[in-house]
Amino acid sequence: MELASKYNPAETEDKWYKYWMDNKFFKSVPDEREPYTIVIPPPNVTGVLHMGHMLNNTIQDILVRRARMMGKNACWVPGTDHASIATEAKVVNKLKEAGIQKSDLTRDGFLVHAWEWTEKHGGIILDQLKKLGASCDWDRTCFTLDETRSEAVIKVFVELYNKGLIYRGIRMVNWDPSAKTAVSDEEVIYKEVNSKLYYLKYQIEGSEEFVTIATTRPETILGDTAVCINPNDERFTHLKGKRVIVPLIKRSIPIIEDEYVDMEFGTGCLKITPSHDINDYEIGMRHNLESIDILNDDGTLSEAAQLYVGKDRFEVRNEIEADLEKAGNLAKVEAYTNKVGCSERTGVVIEPKLSTQWFLKMSEMAQVALKAVMDDEVEFHPKKFKNVYRHWMENVKDWCISRQLWWGHRIPVYYLEGGDFVVAETAEKALEAAKAKTGNANLTLDDIKQEEDVLDTWASSWLWPIAVFDGFNNQKEIDYYYPTNDLVTGHDIIFFWVARMIMAGYEFKGTYPFKNVYFTGMVRDKQGRKMSKQLGNSPDPLDLIAKFGADGVRVGMLLCSPAGGDLLFDESLTEQGRNFANKIWNAFRLVKGWEVDNTIEQPESAAKGIEWFGEKLNQTIAVIDDHFSKFRISDALMTVYTLFRDEFSSWLLEVVKPAYQQPIDGKTYAATIAYFDDLLRLLHPFMPFLSEEIWQLLEDRKDGESIMVADMPKSGEVNEDILARFELLKEAIGGIRNVRKQKNIPQKDALKVSILDNEGSYNKDFDAVLSKMCNLEELNFVSEKVDGAISFLVKATEYFIPMGDLLDVEAELKKLEEELKYTEGFLTSVSKKLSNEKFVNSAPEKVVAIEKQKQADAEAKIKVLKESIARLK
């Protein structure tokens, strides 16, 4: 069989993905097996693959493929999110390009365009995930706005309203003037900006005196309805009960007293604008102040402002500075650094705004969800995020769930004439409720009008682990697949999504939605900067796959991805991933290139090498299992990586490799192929395409067979003694190779080696391997040191290689003295540790025993080194 000199991902990836799909290996239906379930964090429906998706979905695919190979019924549910704000903004921009304003369209007319956009661009990201190798059950693909998910969202709204958990109220909300909608506290990102602090002079009514007030938002004076002082501030006792005149508009407003005012900040006087600041709003409520909303929904000034009507808030800020100075009301302006809230979706500065919205009470649900995480009923990986979660849950506010958009789940509230309303899942049910509520049997659908607002996008995705299984209708599916096993997500949406899913799980299903949450870090460039289009530091994942192969990219991303820690991405790591794929391919070419002769005996060296590797494999599988149990995915990969690269390729294959142009015995070849098969299975979750390609070529396979559904190797009993002895063998082989290198002795020239076993502990089991790997013509044992030989130590065993006239006594002395100095230093540090009573008493017994063994080994080595130095002198 002719094998390519290099592995070519382009020739294999599409081929095997189609094979997996054709054979329905990703498909899952409830059966008698243990389920393993993951739901994908649904990306925005119109989104495209970025590096964060690559990391997140690589980890999910690793977990799913591993579970499948462990005999579980693995179900990975894919889907997309309708992303109200982001998608509506894209559709509005598209319409603008065509000369159409959103305001020119009816709601239904706009939704036609939104659905067209979604159908054109939606699902692109899911197709891109297939290039990565994602083994999702694509038949289960969900969309948060599809019929089944929408029914669940509406049903839950009605249920929560009937429980008294949803209410309508006028509250101060975070207003996004670009998207023209309220957003939740979690959707506000605070950025440090260089601002100005304006000191404004308000004239005291009936006096020539002024009070000075500091503000960063001078345009909001047009909505001022009071000035506030602290009742304990003796500087302003003379102002109590007086009024001041608002600059420019000459409105008379009262001076009020409230202990909220910080006497140390600014001037100690505070302007109160109840419609445009949350703290001012609360003071206004306490003092029964008027609220004047000076802003339109788009951030321009309203008629209520009296001045600058129709102009943008920031344009007004510049203009009002000049006008205040001209009017004599600007005392001074200072540079000022402060944090400004910005919309996570649109990036514009948020305006606090009084608005009628729908809210969901959170306190009771939050307590249940907090307990679940703090008691590890839901386990966070890494654990450090428990404290972040706790802080938010202990300070949770009611959730503003309404959005002033058209794209999304329309709130199932129906208004009657006069402002009364009913809540129902459909218009028909709402009509029946309205008839019952009013006692008017003659009402028709024309008499009720549905709420214009839609629900916050997160008010659908919080039901995702339930809704993807049609969890309010399909009892068989939800009972089998729920709760799910693991959630893989970014820690940036711990509040948006993770916390709320946990709340929903307990509220609607009485249990957690997932057992484990694995938080990935942010993907950053090698300078530590967040990847973004603006910086141009975010590579196109599909370009990386085309260049390095999907397996190379998967490995590269995991090589720098600690759980919960930021990933510093460097393209050289994907190159390292590709190189590893080629290393595996070359090992395969080497093995398949051997001629097999079933008539020849198995050499002792090969038998011993195979025995050792079996123990090494068992030991490593146990380590990998432990890493997975602790969600140390990168560590698990590195363990497989080093097992293949170092132990299998560099040691086992070298031990069993037949001499040049000689055949290999059948027994050794069969064992090597079996180990290669085991290694491919361990590698498969990380490198699905390459492992499938080689596994199919390793032996004759039937149509429909796949490594995907082959059993994952299990660890057995480990003979630690064999492993320890082989490590000593490696040291001995390394020592002999160093002598060859120092003396320029070619490998083809056979050597004689004598061994002095100073402690009687030498084991001859691996002598055949030593002789083969070092090309020894003679291996003998001596009872005293050999003259005219270069020597080295492995523990207390001394190896001598006769050099005759080639021995440089001075060089050998220098080498031994350096080794003695190092070993004495090592012994000092170990002895110091063992003389520390605190360490000896508190460290585990096994750790102390290891340190004592190190001390004994060093003492024995020092004794032998001193004897060798004395002999040469």
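The values are calculated or read from the model by the stated rules, or taken from the named source; none is laboratory data. These numbers were taken from a predicted model, which means no experiment stands behind them. Glycine also receives a Cβ, built like all others from the backbone with ideal geometry; neighbour counts cover every protein chain displayed. Quick note on the areas: whole protein, heavy atoms, side chains included, nothing else; ligands and nucleic acids left out. Shrake-Rupley method; radii C 1.70, N 1.55, O 1.52, S 1.80 Å.
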Over 19 Å between Cα atoms: which of K191/K311; K102/K180; K242/K353 fall into that group?
K191/K311; K242/K353
Taking every DSSP bridge whose two residues both lie in the chain, the antiparallel percent to the nearest 5 is 70
Compute, for segment 621-745, the length of the dipole vector about the Cα centre, with Cβ point charges of +1 (Lys, Arg) and -1 (Asp, Glu) only. Units Debye, rounded to 20.
740
Inter-label distance for D721 and S835, nm, one decimal - labels placed 7 Å from Cα along Cα-to-Cβ:
3.6
To one decimal place, what Kirkwood hydrodynamic radius in Å is obtained for segment 128-194 from all pairs of distinct Cα atoms?
16.5
Go through I253, A636, Y198 and say which Cα lies farthest out towards the positive end of the charge dipole of the chain; charges sit on Cβ, +1 for Lys and Arg, -1 for Asp and Glu.
Y198
Diffusion coefficient in µm²/s returned for segment 340-464 by Stokes-Einstein, Kirkwood Rh over C-alpha pairs, 10 °C and 1.306 mPa s, is 89
Taking the DSSP beta bridges in segment 727-805 as the whole, what percent of them are antiparallel, to the nearest 5?
60
Excluding ligands, DNA and RNA, what is the solvent-accessible area per residue of the chain at a probe of 1.4 Å, expressed in Å²?
45
Taking only C-alpha pairs under 8 Å that are 6+ residues apart, what is the relative contact order of the chain in percent?
12
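State the antiparallel share, in %, of DSSP beta bridges confined to segment 658-799, rounding to the nearest 5.
50
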Order by accessible surface, 1.4 Å probe, largest leading, for residues S835, S355 comes to S835, S355
With every protein chain kept in the model, how would you rank R33, R286, R313, R578 by accessible area, 1.4 Å probe, largest at the top?
R286, R33, R578, R313
Summarise the accessible area of the chain (1.4 Å probe, protein heavy atoms) by the percent that is carbon and sulfur.
48
Under 20 Å from the Cα of K608 - lysines, other chains or at least 8 residues apart
K616, K657, K667, K730, K764, K772
Return the whole-Å distance between the Cα centroid of segment 458-490 and the Cα centroid of segment 38-63.
17
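How large is the dipole of the chain about the Cα centre if only Lys and Arg carry +1 and Asp and Glu carry -1, each at its Cβ, rounded to the nearest 20 debye?
Values: 110 positive and 140 negative charges, 221 e Å.
That gives the chain a dipole magnitude of about 1060 debye.
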Could you tell me which residue out of A843, L222, N318 lies farthest along the dipole of the chain toward its positive end? Charges go on the beta carbon: Lys and Arg +1, Asp and Glu -1, centred on the Cα centre.
A843
Cα to Cα, under 20 Å, and not fewer than 8 places away if on the same chain: which lysines meet these conditions relative to K702?
K15, K18, K24, K592
Per-selection metrics, the chain (Cα): Rg and Dmax in Å
36.7, 119
Name the residue farthest towards the positive end of the dipole of the chain from the options G593, P78, T337, assuming +1 on Cβ of Lys and Arg, -1 on Cβ of Asp and Glu, about the Cα centre.
T337
Förster-model FRET efficiency, 25 Å R0, N387 and S572, C-beta, rounded to 0.05
0.10
Förster radius 60 Å - calculated FRET efficiency between N474 and K764, Cβ distance, rounded to 0.05
0.35
So what's the gap between the Cα centers of segment 335-372 and segment 720-774, to the nearest angstrom?
68
Between segment 833-865 and segment 180-205, how many Å separate their Cα centres?
63
Sort M557, M638, M531 by heavy-atom solvent-accessible area, probe 1.4 angstrom, most to least.
M638, M531, M557
In straight Cα distance, which lysines are under 17 Å from K240, not counting same-chain residues fewer than 8 positions off?
K271
Per-residue [θ]222 nm for the chain (sum of -39500 (n - 2.57) over DSSP H runs n ≥ 4, rounded to 500)
-13500 deg cm²/dmol
